[in-house]
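Notes follow the structure.
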Amino acid sequence: MEAQNTPKQRIFSGIQPTGNLTLGNYIGALRNFGVLQNEYDCLYSIVDMHAITVRQEPSELRKACLRTMAIFLASGLDPEKNIIYFQSQVPQHAELGWILDCFTYMGELSRMTQFKDKSAKHADNINAGLFTYPVLMAADILLYMTNLVPIGADQKQHLELARDIALRFNAVYGDVFNVPEGYFPKVGARIMSLQDPTRKMSKSDPEECYIAILDKPEIIRKKLRRAVTDSDNSVVFDPENKPGIANLMSIMYALSDKSMDEITADYDGKGYGVFKDAVADCVISALEPIQKEYDRISADKAYLEQVMISGRERAEQIAWKTMLKVRKKVGLAALKL
Ligand code: ATP
Ligand code: LTN
């Protein structure tokens with residue numbers, strides 16, 4: 001018989017509470033979280049401190065935090081099995097972030113493509129937090145002795161940096177941190193923008209570029225009908241030459257049990273209008289049950305509050321243990337508790 005007390009591997013991931021979670025967030029991240037909850041010990045954080053690296057309207061940010069938590073729960077994350085919490089409520093993230101800043105090089109941070117993209121998008125506010133964003137992300141992960149980090153392809157470079165920081169720290173102080181591995185979805189690691197299918201679908205882009213998890217059916221259909229495609233009318237998977245159609249095919253592939261060949265066989269030659277409507281049907285039927293659950297859960301403020309408090313307490317217990325060790329290793333003044 002298998003040993004009952006082998007500790008489960010630990011998973012950590014974070015999502016920023018900025019704007020509306022998208023179909024990209026769902027396919028690339030959220031729906032995989034639900035699949036992992038029985039086999040792993042999972043923490044999912046709503047990373048509000050990362051969100052303030054770009055200017056946020058305070059009351060909207062607060063609402064977006066709760067909305068994100070309700071979407072986590074509505075997409076099937078069980079708050080008993082998973083620790084679901086707000087990053088800013090566990091102050092050890094900021095504390096470890098600072099310490100790890102001292103183990104990260106400027107050169108490394110200037111190579112981060114997300115920093116380059118975000119500085120171009122927010123040229124009037126290229127703040128130090130935007131630059132050190134990946135160090136706070138490394139702290140998120142390392143704080144919990146994480147083994148696996150489920151993320152979309154866009155976060156691979158940040159994860160590599162977290163690993164380098166962990167290895168560097170361990171080389172100086174002994175084996176303090178686990179060196180985490182990435183966990184990438186087999187399909188849908190990079191859902192693209194509906195208006196520019198060479199760029200990833202992002203919740204901070206204009207509305208028409210993304211499908212929000214909470215978009216109503218008629219909006220989903222309208223956005224998909226207007227999705228940018230080529231004009232040669234063939235439904236074949238060719239991301240290089242037909243990025244728009246390839247993206248819609250990937251969405252259908254991720255949300256149905258059809259293979260790419262079956263999708264081609266079913267829709268090639270029928271015209272893009274028919275194909276886009278079929279993609280819309282798939283998206284609507286995947287999102288409708290989540291939206292129903294969301295309406296139910298978001299009306300229950302007491303329940304959300306209870307999930308928030310218990311998540312924070314459970315996360316802090318683990319984080320605190322790591323910090324005691326780290327503080328001691330680097331020689332910070334001892335805390336008398
Ligand atoms: P923002 O536009 O605010 O930068 P975002 O839409 O990129 O945000 P994040 O909160 O940064 O979303 O990402 C949460 C998770 O969703 C990450 O694991 C990320 O890799 C994944 N993800 C984001 N966008 C996509 C996408 N288009 N396709 C697949 N996965 C994605
Ligand atoms: N940087 C990520 C969000 C994020 C995260 C994390 C993901 C913050 N901390 C820790 C995984 C693990 C993003 O922009 N998607």
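A few comments on the model shown:
- Within the stretch 168-215, being touching a strand residue (DSSP E or B) at 6+ places or on another chain (Cβ under 9 Å), over 21 Å from Ala120 (Cα atoms) and small (Gly, Ala, Ser) holds for Gly182, Ala212.
- Selection count, the stretch 162-178, where residues are away from ligand 2 (no atom under 16 Å from the Cβ) and outside any loop (DSSP other than H, G, I, E, B): 7
- Those residues of the stretch 177-186 which are under 15 Å from the mean Cα position of the chain (by Cα) and in contact (Cβ under 8 Å) with a residue 40 or more places away in the chain, in sequence order: Tyr183, Pro185
- From the options Ser110, Ser75, residue that is farther than 30 Å from Ala123 by Cα and surrounded by fewer than 23 Cβ atoms within 10 Å (Cβ to Cβ): Ser75
- Those helices (runs of 4 or more DSSP H) of the stretch 72-161 in which at least 3 residues are within 14 Å of ligand 1 (Cβ to nearest atom), considering only elements entirely within it, cover 113-121, 128-142.
- Boolean, Ser234 is small (Gly, Ala, Ser) and without any contact (Cβ under 8 Å) to a residue 24 or more places away in the chain: no
- Flag for Leu96 being aliphatic (A, V, I, L, M), buried (at least 17 other Cβ atoms within 10 Å of the Cβ) and at pLDDT 95 or above: yes
- For the stretch 32-48, residues that are buried (at least 21 other Cβ atoms within 10 Å of the Cβ), more than 10 Å from ligand 1 (Cβ to nearest atom) and either without any contact (Cβ under 8 Å) to a residue 12 or more places away in the chain or in a helix (DSSP H, G or I) (or both) total 1.
- Test: residue in the stretch 241-262 that is within 16 Å of ligand 2 (Cβ to nearest atom) and under 20 Å from the mean Cα position of the chain (by Cα): no
- Taken over the stretch 179-202, the criterion of being within 25 Å of Asp238 (Cα to Cα), assigned to a loop (DSSP other than H, G, I, E, B) and within 14 Å of ligand 2 (Cβ to nearest atom) is satisfied by Phe184, Pro185, Ala189, Arg190, Ile191, Met201, Ser202.
The values are calculated or read from the model by the stated rules, or taken from the named source; none is laboratory data. A quick note: this is a predicted structure, and the numbers were derived from the prediction, not measured. Glycine gets a Cβ as well: all are built from the backbone with ideal geometry, and neighbour counts include every protein chain shown.
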